[in-house]
Amino acid sequence: MDFLNYTCFVEGLASEASKVDFNARLLTGILGLTGEAAECVEVYKIAKFEYEAFDFSRFVDECSDLMWYVAFTTIAIETPLALIIEANKSDIKPQVDKKDPVFDDYVLLEAVMNVSWSTGKCADIVKKYLFHGKPFNKEKFIETLNEVVKHISGMMAIFGLSIQDVVDANVLKLKDRYKTGKFTFEEFMKKETV
């Protein structure tokens, strides 16, 4: 699915409450981004400190959720997702050839921390707008969202995957969950109880 169609797909799966106005869209996007970045950190932490095998499938799943929130946020700021992704393509180079992060987990740790850091920077811009009365700095927000995508791309490149691979994984998962192509609370709650 191309990025324009993916953005339309994301819009169709967003809850009505998250689409009420600009602030609701922006807050939904930023809370989702920071939450999913934390999920990526958790996958790393479990493998590193609880000595469980690295859960590659869950890691890709969390990255695909990150991309859903990136796409949703681009709708709020009226900036095409493809523009954000294209701005980062030349910067992304696979860091290694292996799919097992145990070979050098500091490479993965740096990538995970960069995603957390850049989503936190986005959250700070939104916080200043929503709670400190500052004007929304769209240009700075787009620049920072570019960093988020750059770091997601870098994380995936470690495993030989692209942003397109992550988007495709997200589409497959969500088409399976939301059979009608629209958000329903019932289908959402099924996911939460599984």
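The values are calculated or read from the model by the stated rules, or taken from the named source; none is laboratory data. Note that the coordinates shown come from a computational prediction; the quantities given were computed from them, not determined experimentally. Heads up, the Cβs are rebuilt from the backbone with ideal geometry, glycines too, and the neighbour counts pull from every protein chain shown. These accessible areas exclude ligands, DNA and RNA; they are computed on the full protein's heavy atoms, side chains included. Shrake-Rupley method; radii C 1.70, N 1.55, O 1.52, S 1.80 Å.
Here the label points at residue 38 and residue 21, each 7 Å from Cα along the C-beta direction, are separated by 2.6 nm in the simple model. Only protein heavy atoms count here; on that basis, with a 1.4 Å probe, residue 134 has an accessible area of about 110 Å². Averaging 1/r across all pairs of distinct Cα atoms in the chain and inverting the result yields a Kirkwood radius of 17.1 Å.
What are the DSSP H helices in the chain that stretch 18 Å or more along their long axis, judged by alpha-carbon atoms, and whose average Kyte-Doolittle hydropathy comes to at least -1.0? Walk me through the intermediate numbers first.
Numbers: long enough: 22-49 (40 Å, 0.63); 56-76 (30 Å, 0.61); 105-132 (38 Å, 0.30); 138-158 (30 Å, 0.16); 163-177 (21 Å, -0.22).
What comes out of the filter, once short or polar helices are dropped, is 22-49, 56-76, 105-132, 138-158, 163-177.
A 22 angstrom limit on the alpha carbon distance is what I want to check against. Which of 19/175; 140/182; 150/179; 121/150 exceed it? Cα-Cα > 22 Å for 140/182; 150/179; rest within. Charge dipole of the chain (Cα centre as origin; +1 on each Lys and Arg Cβ, -1 on each Asp and Glu Cβ, all else neutral): 500 debye, rounded to the nearest 20.
With the whole protein complex present, residue 8 retains an accessible surface near 80 Å², based on a 1.4 Å probe.
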